[in-house]
1. To two decimal places, what compactness ratio does segment B:23-133 give when its Cα radius of gyration is scaled by 2.2 N^0.38 Å?
2. What is the ratio of the Cα radius of gyration of segment A:68-201 to 2.2 N^0.38 Å, with N the residue count, to two decimals?
3. Would you please classify the overall shape of segment A:283-332 from the alpha carbon gyration tensor, given that a ≥ b ≥ c denote the square roots of the eigenvalues, rounded means a/c under 1.5, and beyond that prolate means a/b larger than b/c while oblate covers the rest?
4. Expressed as an acute angle from 0 to 90° and rounded to the nearest 10, what is the orientation of the C-alpha long axis of helix A:198-222 relative to the principal long axis of chain A?
5. With unit charges on the beta carbons (Lys and Arg positive, Asp and Glu negative) and the dipole taken about the Cα centre of the protein assembly as shown, which residue among B:LEU120, A:VAL167, A:LEU253 sits farthest to the positive side?
6. Using every alpha carbon pair in segment A:137-266, what percent of pairs falls into each 10 Å bin from 0 up to the bin containing the largest distance?
7. Mind checking Rg over Rh on segment A:154-225, alpha carbons, Kirkwood formula for Rh?
8. Can you give me the Rg/Rh ratio for the protein assembly as shown, using Cα atoms for both radii and the Kirkwood formula for Rh?
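Throughout, read-outs are computed from the coordinates displayed, never taken from laboratory work. This one's a predicted model, so the numbers in the text were calculated from it and none came from an experiment. All Cβ positions, glycine included, derive from the backbone under ideal geometry; neighbour counts span all protein chains shown.
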Amino acid sequence: MRMTALIKRICQQMLRDKRTLALMFVAPLLILTLMYFLFNGNSVTPKLGVVGGDSSLVNAFKDAEIKVKEYEKVTKNTVVDDDLNGLLQLENGQMKLTLQNDDPSSAKGLQAKVNQTVSALAQSKLIQHNPALAGMIPKKIETNYIYGNKDTVFFDVLSPILVGFFVFFFVFIISGIGLLRERTTGTLERLLSTPIRRGEIVTAYLAGYGIFALIQTVIVVFYSITVLDIVLVGSIWNVLLINLLTALVALSLGILLSTFAASEFQMMQFIPIAVIPQVFFAGIFPLEGMANWLQMIAKVFPMYYTGDALKGVMYRGAGFSDISGDLIALVIFAAIFVVLNIFSLKKYRTL
Amino acid sequence: MDQTIKVEQVNKSFGKKPVLSDVNLTIPKGQLFGLIGPSGAGKTTLVKMIVGMEKSDTGSIHVLGEKMPNLSLLQEIGYMAQSDALYVELTGEENLKFFASLYKLSKGEQKKRIAYVANLVNLTDDLKKRVAAYSGGMKRRLSLAIALIQDPQILILDEPTVGIDPELKLSIWKEFLRLKNEEEKTIIVTTHVMDEAVKCDYVAMVRDGRILTSGTPSELKALYKTDDFDEVFLKAGVKQS
């Protein structure tokens, strides 16, 4: 009954604070939508300058969706002056490609395209001269995809992680500041001068903010799947379960860290330490490529497990048994934080 | 069970700084006990120990015959801290209701007690307003009302009348005396205002974590041969050092 009173009070407070509610429920949707449009934008057609190329080469480039501009003569500054992504010079059978490289990933893309086009052209010329060779060269490579399809973009892989991260971030902030305010205004002390147990306070806090975390999770997940059309191969229940556990971890971690903050500003200072690194290890950057010691560190971040599980369910269609290891890890995190919370309240009262 | 509160040889220090040294107090049932001293004297630490929110390094504290800290005894202690400690997003009534349910009052009792304490501190008309819209004095009064909500046997009030206008202060003190006389409540009040000290049954003067002197106000005046209570305090301080 004491816990019900506390939960009721947390709900009353939250419902009165319209801005915080908006932050929790609307802000993740805004950011997700923004990211969706950012990552789904059409890629720009690269501009390539060509010196001394014949018409077959120019046409081949055009077929490969490269904008070609032909030059008679170029200087050192042509690439920059005409804002070309690259410049291909043919002299005495030699080819020289100059890349502007202001954006490394698009420069690499252009380089690959140029290579491909040139070698394909060379191949077809060879076959013209010697038709007997035609049978030796495969016509086309057929590509099959285990996960996703040829239209899969980075956002499809990124979005499951983002969904989990927003749940983590907003629940962390709101629950942490919620308990911090209780500490700074002295209401926590007053609470502890009543016959309530420390465990009851922590549990009630988890339940009270947990209700809002649950609502947020449901809104974010449904919005991503129905409105943004994010791929969801596996079960939505598994997605909700993962996010709910993530919210629980964020909740207990937020409450715990608020112990070490003297003000809202100091609580914000935990974001670069406790929240941002979570993103790095959530699977946005492939973990296999990291140094061994970094991989070890990744395993102490809850978001590592959330990211792994969400990517598994949403993108690869993993089932419950596939993600059970991740779920157990999240439960362990939450349990540790909850116990530490109960201990940290000892500062106020030993019972 | 004559002694409601018994504090024996309590010492406490924060780090190396001693806050309380060798404090002994005995407060019988139905006494209005005043703890008087300047800011930083250790009054708040002492009352927090009696509530069980601070642990003593040595010594013991018994309330109603039970050793503190004791969870079930908190039902019998109404505590009002120096800070108002209210939920400003909620209305006065919701604040009272929340604390009433922490003390496990039944619905009927809650209604009765809320009406009673609100009337006592003159907040009946403002109960539906959010605390954020309250004035400083109103917050203080609501805080006092919360301390009284579960009808405890013991009231521990840390500077209850700071920021309250003289008229209301007078009526609040009248209520303290009524609670003590008619309902036999034991009340501990900390204050640094001497005119409030005179109204107490028994006064302990605290400075630098020690009890300089204690007695009824008239005893103390006689002891230090003065009519002015401020002077008692000054003389007691001089005698110590």
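1. Its radius of gyration relative to the 2.2 N^0.38 Å reference: 1.26.
2. 2.18
3. Working: a/c = 2.56, a/b = 1.42, b/c = 1.80.
It is oblate, given that a/c is not under 1.5 and a/b is not larger than b/c.
4. Helix A:198-222 sits at roughly 30 degrees to that axis.
5. B:LEU120
6. Reading upward from the zero bin: 11, 33, 24, 16, 9, 4, 2, 1, 0.
7. That ratio is 1.14, to two decimals.
8. Numbers: Rg = 36.1 Å, Rh = 29.6 Å.
Rounded to two decimals, Rg over Rh is 1.22.
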